[in-house]
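J.: The following block contains the structure, expressed as C-alpha cells.
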Amino acid sequence: MIGGGLAGLSSAVALAETGFRVHLLEKRPHLGGRATSYTLPDGSEVDNCQHVTLGCCTNLSDFYKRVGAADKIRFYDRLYFVDKEGKRSTIEASWLPPPLHMAPSFVKFGALSLADKRAIASALLEVARAGGKPAGVEGISMLDWLHRTKQTPGAIERYWRVVLVSALDEELARMDARYGIEVFWKAFLGSRKGYRVGIPTVPLAQLYEGGKLAVEKRGGEVRLRCGVREIRIEGKRFAGAILDDGSALAADACIAAVPQETLLNLTPKEMAQAGHALEGLSHLENSPITSAHFWFDRPVMSEPFLTLLDHATQWVFNKTLLIGGAGSRNGNGAAGANDKNGQYLQLVISASYDLVQRPRQEIIEMCRKELAEVLPATKSAGLVKATVIKEVNATFSPAPGVDRWRPRQDIGFGNFFLAGDWTSTGWPATMEGAVRSGYLAAEALAAAVGRNDKFLQPDMPFEGLCKVWAEKAARSRSKS
Ligand SMILES: Cc1cc2nc3c(=O)[nH]c(=O)nc-3n(C[C@H](O)[C@H](O)[C@H](O)COP(=O)(O)OP(=O)(O)OC[C@H]3O[C@@H](n4cnc5c(N)ncnc54)[C@H](O)[C@@H]3O)c2cc1C
C-alpha cells in the first residue's frame, strides 16, 4: 500500500482483517493524508483543516468502527446558521417522515423569503420524486440546473450556495449538477439522519492509531517517513517499488493510494498517454480550501459551529467546545490558547480561489471583520494568535462531466490497483469517497487472487416517501 491517507488506510485495514499481510508506506511522519493534524511549535495540535462527516457517509462510519474511532465522532442534530446582522436560524429534523422531516424548521428559517422557500421546495420535490436522479442533468453545472428550476437569487445565495460550496469545494457554476443534487438527496431528503454533522472530538491524527495497530497485529507493517519514488510496471504488472532512500521493495500486489498528480510522477510516462490506463488524470483540476485559526483570550462563541450566510467565511467551528476542555493543550491533545480560559475558533473557506494569492495577514483581517459581525464578543476579546492554512490542491474539482476522467480501482493490470478520492467512486472528493475507493481497491485485489471479499457498505436506506420514489425510479431505470 503506497499512501497512508484514508484511501490507503481503509484498504490496508480491510485487507489485513481478511488475512493479507500488508506493508503500508507513507511519506509523511503521520497517517491521515489530507485529513490529519499536526503539532505547532508551541505544542498545540491543530487539524490541517476542520473535517466533518455526515450521517449518510456509511463507509467512513464503517472505517471508524474498524479502527475503534467511532466513539470519537460526535454527531449533531441541529445545524446553526447566522446572517450578516447576526440573526440565527437552525435546521433540524422533526418527527415527520422523509422528505418532510426538515419542513418545520425550513418553514421557520428566517434568512429566506417566502418566494425563496417556494422555489427551493419545488426543486427539492422534483429531486425526491425522481428518486434523486432528475432527468436532463448530465454534464450541466449546478448553477444551470438552479436557473432551470427557477431558483430566486436569494435561494441561490442563501441556501444552495451555502450548503454546496462547502460540501463540494467548488463554485456552483463549476460543479456537476449531479453531485450537487446528490448532496441534497442523500443528506437532506432521503433519510432522517443523513444530514447529521459528525465532528471528531480529538485531533484528526488520533483517529488512525487503530488502523496502524490493525495492520501490525496481523503481521504487516506501517512505515512512516517512507516515501516511494518510483513504481515499476513491467508488461502491465506491478514489478516493485523504489523507495526515496534508493532501496527496492517487492510485493505480490500493490495498491497506489497517493494523490493523482503524485501517481503520474511515480509511474511510467506512457501510462498517462492517450488510450492508456491513467489517460484521464491530467484532466482533473484541483480546488483550494483556506482555513483561518484564531485563539482568543476569552469565550466568544457558544454554539459548537456556525454556518455563515452572506460572508466569504462559510463555517466557524468552536474547536475548544468540539474537542472538549477549554484551552487545554494536553490530555486529549486539544488545541487551545495559552490562556486556559481562552477559545480557539477555526474558520473554513472552500473554493477559496480569491484567497490563494492574498497575503495571510489580509485574510486574517478579513476573517476577523466577519467574525465581529456574527460573534460581537470577538470585538473586545484579545487575539492571542492567529494563523492561516492554505490548501491550494485541497480536492479535485467536481466539474461537469468529471466522472469520465476518473479511473476505476481495477485498471486491468492484474496485481496493480488504484485508490484515492479521485478514483471512480460516484462520490466527490470527501473522506467517504476516499474510504469507498479504498474498499473497492481491496475488493479488486482480493478478487484477483480468487477471493470474494466484500467491504463496500450500502448507502443509508431511504425512508418514507423517498423510499417509495427511489424504488420506483430504480424500476423505471432498469426497464429502460
Ligand atoms: C482543507 C481540506 C478540508 C477538507 N474537508 C473535508 C471535510 O470536511 N469532509 C470531508 O469528507 N472531506 C474533506 N476534505 C477532503 C478529504 O480530506 C479527502 O478527500 C481525503 O482525505 C482524501 O484521502 P486520500 O487517501 O484519497 O488522499 P490523501 O489524504 O491525499 O492521502 C494520500 C497519502 O499518500 C501519501 N503520499 C504521497 N506521495 C507519496 C509517496 N511518494 N510515497 C508514499 N506516500 C505518499 C501522502 O502523504 C498522503 O498521506 C478536505 C480536504 C482538505 C484538503
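J.: Of the trypsin sites (Lys or Arg not before Pro) in segment 234-276, which ones lie in a loop per DSSP and count no more than 15 other C-beta atoms within 10 Å? Mind showing how you got there, number by number?
T.: On the way: sites: K236, R237, K269; in loops: K236, R237.
Sites meeting the loop and neighbour criteria: K236, R237.
J.: Run the helix sum for the chain: -39,500 (n - 2.57) per DSSP H stretch of 4+ residues, divided by residue count, reported at 222 nm to the nearest 500 deg cm²/dmol.
T.: Numbers: 14 runs with 139 residues, N = 480.
Mean residue ellipticity, 222 nm, calculated: -8500 deg cm²/dmol.
J.: Computed over the Cα atoms of segment 1-154, what is the convex hull's projected area averaged over all directions, in nm²?
T.: Working: hull surface 57.9 nm².
Spelled out: convex hull of the Cα atoms, projected over all directions, averaged, 14.5 nm².
J.: Next question, about the same structure. Solvent-accessible area of K87, probe 1.4 Å, all protein chains present, reported in Å² to the nearest ten, please.
T.: 110
J.: If we restrict to alpha carbons, what Rg and Dmax does segment 406-475 come to, in Å?
T.: 14.7, 44
J.: At a probe radius of 1.4 Å, what is the per-residue accessible area of V107, in Å² to the nearest 10?
T.: Spelled out: V107, probe radius 1.4 Å, area about 100 Å².
J.: Still on this model: Once you've got the Cα coordinates, tell me which of K319/K454; K117/K379; K72/K390 are over 30 Å apart. Working shown, then result.
T.: Details: K319/K454 37 Å; K117/K379 34 Å; K72/K390 26 Å.
The answer is K319/K454; K117/K379.
J.: Tell me the volume per residue, in Å³, of the convex hull enclosing the alpha carbons of segment 332-480.
T.: Working: hull volume 37.7 nm³, N = 149.
That works out to 253 Å³ per residue.
J.: Rank by packing, highest mean first: peptides 112-123, 202-213, 459-470, 434-445, with packing defined as the count of other Cβ atoms within 10 Å averaged across residues.
T.: Working: 112-123: 16.4, 202-213: 21.3, 459-470: 18.2, 434-445: 28.3.
Listed from highest to lowest mean packing, they are 434-445, 202-213, 459-470, 112-123.
J.: Here's something else I'd like to know. Accessible area, 1.4 Å probe, largest first: how do W160, W427 sort? Write down the numbers at each step before the final one.
T.: On the way: W160 5, W427 25 Å².
Per-residue accessible area, sorted high to low, gives W427, W160.
J.: At 20 °C and 1.002 mPa s, grab the translational diffusion coefficient of the chain from Stokes-Einstein with a Kirkwood Rh over Cα pairs, rounded to a whole number in µm² per second.
T.: Values: Rh = 23.4 Å.
D = 92 µm²/s.
J.: Lysines near K269 by alpha-carbon distance under 22 Å, same-chain residues fewer than 8 away left out - which ones?
T.: Once the sequence-local lysines are set aside, what remains near K269 is K27, K236.
J.: Leaving out ligands, DNA and RNA but keeping every protein chain, what accessible area does S141 have, in Å² rounded to the nearest 10, with a 1.4 Å probe?
T.: Ignoring ligands and nucleic acids, S141 comes out at about 10 Å².
J.: Take the alpha carbon atoms of segment 251-294, find their center, do the same for segment 61-132, and report the distance between the two centers in whole angstrom.
T.: 34
J.: For K133, go through the lysines and keep the ones whose alpha-carbon is under 21 Å away, minus same-chain ones fewer than eight residues off.
T.: Within the straight-line limit of under 21 Å, K133 reaches these lysines: K150, K186, K193, K467, K472, K479.
J.: Next question. Residue farthest toward the positive end of the dipole of segment 222-315, with Cβ of Lys/Arg at +1 and Asp/Glu at -1: which of M271, W295, V228?
T.: In segment 222-315, that residue is V228.
The values are calculated or read from the model by the stated rules, or taken from the named source; none is laboratory data. All values derive from a computational prediction rather than experimental measurement. Cβ atoms come from the backbone with ideal geometry, glycine included; neighbour counts cover every protein chain shown. Areas reflect the complete protein model, heavy atoms only, side chains present, ligands, DNA and RNA absent. Shrake-Rupley method; radii C 1.70, N 1.55, O 1.52, S 1.80 Å.
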